[in-house]
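The values are calculated or read from the model by the stated rules, or taken from the named source; none is laboratory data. Just so we're clear, the structure is a prediction, and the values are computed from it rather than from any experiment. Using ideal geometry, Cβ is built from the backbone for each residue, glycine included, and neighbour counts are taken over all protein chains shown.
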Amino acid sequence: MATERNSRRSFRPWIVFTAILFGQLLLLQQARSEIYTKMFSSQQNPSDPCYDEDRPRRCIPDFVNAAFGATVEASSTCGTGGPTRYCDVTDEPGGTTGIGHCHVCDDSTPRRRFPASYLTDLNNPNNVTCWRSEPLVSSQSFSAPPDNVTLTLSLGKKFELTYVSLQFCPRAAKPDSIAIYKSMDYGKTWQPFQFYSSQCRRVYGRPNRATITKANEQEARCTDSHRYTGGDGLGPVGRIAFSTLEGRPSAADFDNSPVLQDWVTATDIRVVFNRLHMPQQSGPDQVSSLNGEEHHVAAIGLEELTKREREREERLKNQKNAILHAQDPLVTALPSVHQVIAPQEMQSNDAIDAVVRDMGFVPVTVSSTTTTFASVAMNGLGPATATMAHHYAVSDFAVGGRCKCNGHAARCIPSKDGEVVCECRHNTAGRDCERCRPFHFDRPWARATARDANECKVCNCNLHARKCRFNMELYKLSGRVSGGVCLQCRHFTAGRHCHYCREGYYRDPARPITHRKACKPCDCHPIGASGKTCNQSSGQCPCKDGVTGITCNRCARGYQQSRSHIAPCIKIPRVVQTQGTAGEESGEHEDDDDERGYDGRADQCGKCRASTKRLNLNKYCKRDYAILGRITDRHKKSDGSQAGTSVSGTSWIRFTLNVDFIYKKNSNSRIRRGDVSLYVHSADLACRCPKIKPNK
């Protein structure tokens, strides 16, 4: 038995240790499960990008290609007027353009369509889709009208743009002069955004690569940089990209620059292709005019363009015969752009018709006086060389930016009306979160920044108003803390915050100011009070002289009612008893003297109406007793030690009152039915109403 007990004792520490270890393992497992639960819950419920633990912070939508899938309107599209021929451009040794293949565009054939919708579809390098314009007349001089082929992109909402990019189709020339415009009012008005040209001052009247300062940050620049960057358009890459903030001095402090915020905002983008190629300089006046260009590009570019034009003309002459004897006009190699008959070469309409019949191409009308052809002109039409026709071809139109929400929304969503709007937070409202939501005008609206979300604050109206407005003067006086002013306060409240009771009401101390019955009516007596406004704390009405009570509804001590609206309570006059005559001292005609004295003093009192008064319920409750009786006799009692004499000049009159019925009396009253003695002071008898007379 002893051995068994010892063995049990030796196992007890192990049992305790095992229990403790098991408990720790359970706690560790529980902690791990809580960590996993929090991890998955955080994944399922991501944090609000506009709030950090209920503290507002700036939030912006994702950066997107705003042009993707958007509608683009083109002023000219190849094939919309019927099958039309266009030709490719190829690279040749020596940096010149050469012969390409010709094709037919036809809007009625899916494989030959080049609509404007291809500009904003998915840009796949392995499956390039292009928009192409109709073939146009190549400009032969600077005085020739511009091409003015336009692409108008509608974003459907205000965006803050970072760049505008145009990628040109393979085997297509990059235009020489391009103008980009933007609209902030959905296409109603337009303002310049960027210009590209080899001769900025001649084409757009602007200096080349002008310096931008803070004084002109909203001005559009003109540059010729597109000629040296982004490819020439003949290879796989031909692109121009306009950065909206590049070279703008305030770009580093964009949050605090309303000028740049307005500059990058746009609802629509319009691209105008003015010239595909700059005309060759021929006269000394034109050459000398380029000497005023601000940069070195003019001299070098002019020489290069002149050389290319001469080489192109020489190649055209050598290839003319091969082109005219081609078997299949759809695959015949032609120059890089379409040749047309120059206006000075048009000797007769018959010559033009002959070219059309021989070449079999479809004419494309550009204006009432100019007709272009997808053909090659023959030398027999005139001494001058044939001009070149051309077309524009763009594969991708991209606009990078963010939906404009002024830092108060993390995304844009379609509304019930089908419009794209910001999902506004921070108590803001509007399509762009450009204003505070109703009843949140305690501080002015402002754009959210990295330092301050500028959340709109609700007006403090103590639950008594539904509308408010902002007052900048009050906001400044408050130290830029509060500027809201409540409108149309309800529940009989008034004030900027509906924080006190309006005239005729006072605060109920038993209820908070936010209670709908926090203000009680003053109920000031219309005659006894001097006004309708009472004390906001106690409710005491302003009483007239001699009137008392919280509502001024009774006369004060020592005053009596006068029935006057001006002075409803007058002071009771003090009656002085004069020395009586000998006849009065002898006691003769005592009753007559009392009557004369009563009537004689009546002039000192107010008039009393001799009419019966009804005892209503209100008066009945205020009285100490109510009886029905009649005066049967009258006696005079002096204040002196002897009956009938007056020591102090005053006397009392004793009446015998026969009580017929007792309606009300207090517990201390000795009134009983039958004859009761009633003592009235002679002064009260003279000035109080009614006049008491026996048996009446």
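Here are the numbers:
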{"item": "Of residues in the range 471-487 being touching a helix residue (DSSP H, G or I) at 6+ places or on another chain (Cβ under 8 Å) and either assigned to a loop (DSSP other than H, G, I, E, B) or at pLDDT below 95 (or both), the one farthest from P56 (Cα to Cα)", "result": "G483"}
{"item": "Lone unmet requirement of (1) closer than 30 Å to E160 by Cα; (2) touching a helix residue (DSSP H, G or I) at 6+ places or on another chain (Cβ under 7 Å) for R451", "result": "(2)"}
{"item": "Where A393 falls short, out of the listed (1) out of contact with any Gly (no Cβ under 6 Å at 6 or more places or on another chain); (2) closer than 12 Å to P61 by Cβ", "result": "(2)"}
{"item": "Residue within the range 198-211 that is modelled with pLDDT under 95, of a type in the set (V, I, T), in contact with a strand residue (DSSP E or B) (Cβ under 9 Å, 6 or more places away or on another chain) and not in a strand (DSSP E or B) present", "result": "yes"}
{"item": "Subset of the range 545-562 [farther than 16 Å from Y506 by Cβ, part of a loop (DSSP other than H, G, I, E, B) and in contact with a Cys (Cβ under 7 Å, 6 or more places away or on another chain)]", "result": "G546, A556, S562"}
{"item": "Candidate set: the range 539-563, residues that are free of Cβ contacts under 8 Å to residues at least 24 places away in the same chain and under 60 Å from the mean Cα position of the chain (by Cα); chosen: the one farthest from R502 (Cα to Cα)", "result": "C555"}
{"item": "Selection status of D523, within 26 Å of A683 (Cβ to Cβ), free of Cβ contacts under 8 Å to residues at least 60 places away in the same chain and assigned to a loop (DSSP other than H, G, I, E, B)", "result": "no"}
{"item": "Whichever residue in the range 115-132 is of a type in the set (S, T, N, Q) and over 42 Å from the mean Cα position of the chain (by Cα) and, among such residues, is modelled with the lowest pLDDT", "result": "N126"}
{"item": "Residue check, Y181 among the aromatic types (F, W, Y), free of Cβ contacts under 8 Å to residues at least 60 places away in the same chain, within 24 Å of G401 (Cα to Cα) and surrounded by 17 or more Cβ atoms within 10 Å (Cβ to Cβ)", "result": "no"}
{"item": "Total residues in the range 390-427, condition outside any strand (DSSP E or B), touching a strand residue (DSSP E or B) at 6+ places or on another chain (Cβ under 6 Å) and among the charged types (D, E, K, R)", "result": "3"}
{"item": "Hits in the range 546-574 (condition: of a type in the set (G, A, S) and surrounded by fewer than 17 Cβ atoms within 10 Å (Cβ to Cβ))", "result": "G549, A556, G558, S564, A567"}
{"item": "Some residue of the range 156-164 being modelled with pLDDT under 90 and of a type outside the set (D, E, K, R)", "result": "no"}
{"item": "Selection within the range 152-174 - touching a Lys or Arg at 6+ places or on another chain (Cβ under 7 Å) and within 24 Å of V89 (Cα to Cα)", "result": "S165, L166, Q167, F168"}
{"item": "Count of residues meeting criterion [farther than 13 Å from L463 by Cα and outside any loop (DSSP other than H, G, I, E, B)] in the range 491-518", "result": "4"}
{"item": "Among (1) of a type outside the set (V, I, T); (2) touching a residue at least 12 places away in the same chain (Cβ under 8 Å); (3) assigned to a loop (DSSP other than H, G, I, E, B); (4) closer than 30 Å to D52 by Cβ, the one test that C468 misses", "result": "(3)"}
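So that you can scan it fast, the table gives a plain yes or no per residue for (1) in contact (Cβ under 8 Å) with a residue 12 or more places away in the chain; (2) loosely packed, with under 14 Cβ neighbours inside 10 Å; (3) among the polar types (S, T, N, Q):
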residue: Y475; (1), (2), (3): yes, no, no
residue: G479; (1), (2), (3): no, yes, no
residue: G484; (1), (2), (3): yes, no, no
residue: C489; (1), (2), (3): yes, no, no
residue: A494; (1), (2), (3): no, no, no
residue: C498; (1), (2), (3): yes, no, no
residue: D508; (1), (2), (3): yes, no, no
residue: R511; (1), (2), (3): no, yes, no
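Residues checked against (1) assigned to a strand (DSSP E or B); (2) at pLDDT 80 or above; (3) in contact with a Leu (Cβ under 7 Å, 6 or more places away or on another chain):
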residue: S564; (1), (2), (3): no, yes, no
residue: D592; (1), (2), (3): no, no, no
residue: N618; (1), (2), (3): no, no, no
residue: R630; (1), (2), (3): yes, yes, no
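Yes/no per residue for (1) modelled with pLDDT under 90; (2) among the polar types (S, T, N, Q):
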{"site": "G231", "(1), (2)": "yes, no"}
{"site": "F242", "(1), (2)": "no, no"}
{"site": "P249", "(1), (2)": "no, no"}
{"site": "P258", "(1), (2)": "no, no"}
{"site": "Q261", "(1), (2)": "no, yes"}
{"site": "H277", "(1), (2)": "yes, no"}
